[in-house]
1. Which cross-chain or sequence-distant (5 or more) residues have an amide H under 5 Å from the amide H of R35, H modelled 1.01 Å from N in plane?
2. Starting from the exponent 0.38 and prefactor 2.2 Å, build the expected Rg for the chain from its residue count and divide its actual Cα Rg by it.
3. Nearest 20 debye, what's the magnitude of the dipole of the chain about its Cα centre given +1 on Lys and Arg Cβ and -1 on Asp and Glu Cβ?
4. By a straight-distance test (C-alpha under 16 Å), which lysines pair with K113 as possible cross-link partners, with residues fewer than eight away in the same chain excluded?
5. Please calculate the 1.4 Å probe accessible area of R47, with all protein chains present, and give it to the nearest 10 Å².
6. Output needed: Cys residues of the chain lacking any neighbouring Cys C-beta below 4.7 Å, sorted by number.
7. Solvent-accessible area of D44, probe 1.4 Å, all protein chains present, reported in Å² to the nearest ten, please.
8. Please give the solvent-accessible surface of F57 in Å², to the nearest 10, using a probe radius of 1.4 Å with every protein chain present.
Amino acid sequence: MSDDYPPLSSSTTGLRCACPRCGRGKLFHKVLETRNACDHCGLDFSRLDSQDGAAFFIIVLYSAMVIPLAVWLEFAVEPPFWVHVVVWVPVVIGGSIFLLRPLKAWMLAQQYKHNMFSEDASG
Ligand SMILES: [Zn+2]
(Lines give C-alpha, C1' and ligand atoms only; values in the text may rest on other atoms or scores of the structure.)
Protein backbone atom coordinates (compact mmCIF):
# COMPACT_ATOMS: atom_id res chain seq x y z
CA MET A 1 0.00 0.00 0.00
CA SER A 2 2.92 2.37 0.61
CA ASP A 3 3.81 1.98 -3.10
CA ASP A 4 0.67 3.96 -3.89
CA TYR A 5 2.23 7.06 -2.40
CA PRO A 6 5.21 8.89 -3.88
CA PRO A 7 8.12 9.45 -1.49
CA LEU A 8 7.82 12.72 0.37
CA SER A 9 10.49 14.91 1.91
CA SER A 10 10.79 14.17 5.59
CA SER A 11 11.70 17.82 6.15
CA THR A 12 8.46 18.98 4.56
CA THR A 13 6.25 16.49 6.36
CA GLY A 14 8.17 17.16 9.58
CA LEU A 15 7.70 20.92 9.41
CA ARG A 16 4.01 20.43 8.66
CA CYS A 17 3.70 17.73 11.38
CA ALA A 18 2.01 15.62 8.73
CA CYS A 19 1.82 11.92 7.96
CA PRO A 20 5.13 10.72 6.46
CA ARG A 21 3.37 8.57 3.84
CA CYS A 22 0.62 10.77 2.39
CA GLY A 23 1.63 14.19 3.76
CA ARG A 24 -2.01 15.08 4.32
CA GLY A 25 -3.05 13.45 7.58
CA LYS A 26 -2.15 14.99 10.91
CA LEU A 27 0.53 13.28 12.97
CA PHE A 28 -0.39 14.69 16.40
CA HIS A 29 -3.74 14.88 18.11
CA LYS A 30 -2.55 16.64 21.25
CA VAL A 31 0.46 18.83 21.71
CA LEU A 32 3.04 16.05 21.38
CA GLU A 33 1.01 12.85 21.37
CA THR A 34 0.92 11.00 18.07
CA ARG A 35 -2.34 9.70 16.67
CA ASN A 36 -2.86 5.96 16.40
CA ALA A 37 -3.21 6.16 12.62
CA CYS A 38 -3.32 8.66 9.81
CA ASP A 39 -6.80 10.10 9.33
CA HIS A 40 -6.18 10.34 5.58
CA CYS A 41 -4.32 7.19 4.43
CA GLY A 42 -4.68 4.98 7.50
CA LEU A 43 -0.93 4.50 8.14
CA ASP A 44 -0.48 2.92 11.57
CA PHE A 45 1.57 5.38 13.64
CA SER A 46 1.78 3.09 16.65
CA ARG A 47 4.99 1.52 15.34
CA LEU A 48 6.71 4.88 14.88
CA ASP A 49 8.52 5.99 18.00
CA SER A 50 11.11 8.75 18.21
CA GLN A 51 11.68 7.93 21.91
CA ASP A 52 13.71 10.73 23.52
CA GLY A 53 15.71 11.64 20.42
CA ALA A 54 13.88 14.85 19.63
CA ALA A 55 13.86 15.95 23.27
CA PHE A 56 17.62 15.35 23.55
CA PHE A 57 18.36 17.55 20.54
CA ILE A 58 16.02 20.28 21.77
CA ILE A 59 17.62 20.27 25.22
CA VAL A 60 21.13 20.51 23.80
CA LEU A 61 20.53 22.94 20.94
CA TYR A 62 17.87 25.18 22.48
CA SER A 63 19.70 25.51 25.77
CA ALA A 64 22.80 26.52 23.81
CA MET A 65 20.74 29.40 22.42
CA VAL A 66 18.78 30.41 25.55
CA ILE A 67 21.47 30.20 28.24
CA PRO A 68 23.77 32.79 26.59
CA LEU A 69 20.78 35.14 26.25
CA ALA A 70 19.94 34.72 29.94
CA VAL A 71 23.56 35.35 30.90
CA TRP A 72 23.65 38.41 28.62
CA LEU A 73 20.45 39.78 30.21
CA GLU A 74 21.88 39.29 33.68
CA PHE A 75 25.14 41.08 32.96
CA ALA A 76 23.73 43.79 30.69
CA VAL A 77 20.65 44.82 32.67
CA GLU A 78 21.06 43.13 36.07
CA PRO A 79 17.30 42.65 36.46
CA PRO A 80 15.64 41.31 39.62
CA PHE A 81 15.16 37.55 39.78
CA TRP A 82 11.44 37.71 38.94
CA VAL A 83 12.28 39.19 35.53
CA HIS A 84 14.28 36.08 34.71
CA VAL A 85 11.33 33.92 35.78
CA VAL A 86 8.82 35.94 33.75
CA VAL A 87 11.03 36.01 30.66
CA TRP A 88 12.75 32.65 30.57
CA VAL A 89 10.08 30.22 31.80
CA PRO A 90 7.73 31.00 28.87
CA VAL A 91 10.66 31.18 26.43
CA VAL A 92 11.99 27.79 27.50
CA ILE A 93 8.66 25.97 27.73
CA GLY A 94 7.01 27.57 24.71
CA GLY A 95 10.09 27.41 22.55
CA SER A 96 10.75 23.79 23.45
CA ILE A 97 7.23 22.72 22.54
CA PHE A 98 7.29 24.86 19.38
CA LEU A 99 10.52 23.19 18.23
CA LEU A 100 9.79 19.71 19.57
CA ARG A 101 6.71 19.08 17.42
CA PRO A 102 8.38 19.48 14.00
CA LEU A 103 11.59 17.79 15.13
CA LYS A 104 9.68 14.80 16.50
CA ALA A 105 7.63 14.68 13.28
CA TRP A 106 10.83 14.83 11.22
CA MET A 107 12.36 11.97 13.21
CA LEU A 108 9.23 9.87 12.74
CA ALA A 109 9.30 10.67 9.02
CA GLN A 110 12.94 9.57 8.90
CA GLN A 111 11.97 6.28 10.54
CA TYR A 112 9.29 5.77 7.94
CA LYS A 113 11.53 6.87 5.05
CA HIS A 114 14.38 4.53 6.00
CA ASN A 115 12.01 1.65 6.49
CA MET A 116 12.63 1.43 10.23
CA PHE A 117 8.89 1.15 10.28
CA SER A 118 7.46 -1.97 8.74
CA GLU A 119 3.82 -2.86 8.42
CA ASP A 120 4.85 -6.54 8.28
CA ALA A 121 7.03 -6.51 11.40
CA SER A 122 5.62 -7.95 14.58
CA GLY A 123 5.90 -6.27 17.95
ZN1 LIG B 1 -1.28 9.48 5.81
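The values are calculated or read from the model by the stated rules, or taken from the named source; none is laboratory data. Predicted, not measured: the structure shown is a model, and the values here were computed from it. Heads up, the Cβs are rebuilt from the backbone with ideal geometry, glycines too, and the neighbour counts pull from every protein chain shown. Just so you know, the surface numbers come from the protein's heavy atoms only, side chains and all, with ligands and any DNA or RNA stripped out. Shrake-Rupley method; radii C 1.70, N 1.55, O 1.52, S 1.80 Å.
1. Residues meeting the amide H criterion: F28, H29.
2. Working: Rg = 18.2 Å, N = 123, 2.2 N^0.38 = 13.7 Å.
Normalised by 2.2 N^0.38 Å, the Cα Rg of the chain equals 1.33.
3. 260 debye
4. Straight-line reach from K113, under 16 Å: K104.
5. Rounded to the nearest 10, the figure is 100 Å².
6. Cysteines lacking a close Cβ partner in the chain: C17.
7. 60 Å²
8. In the full protein context, F57 sits at about 90 Å².
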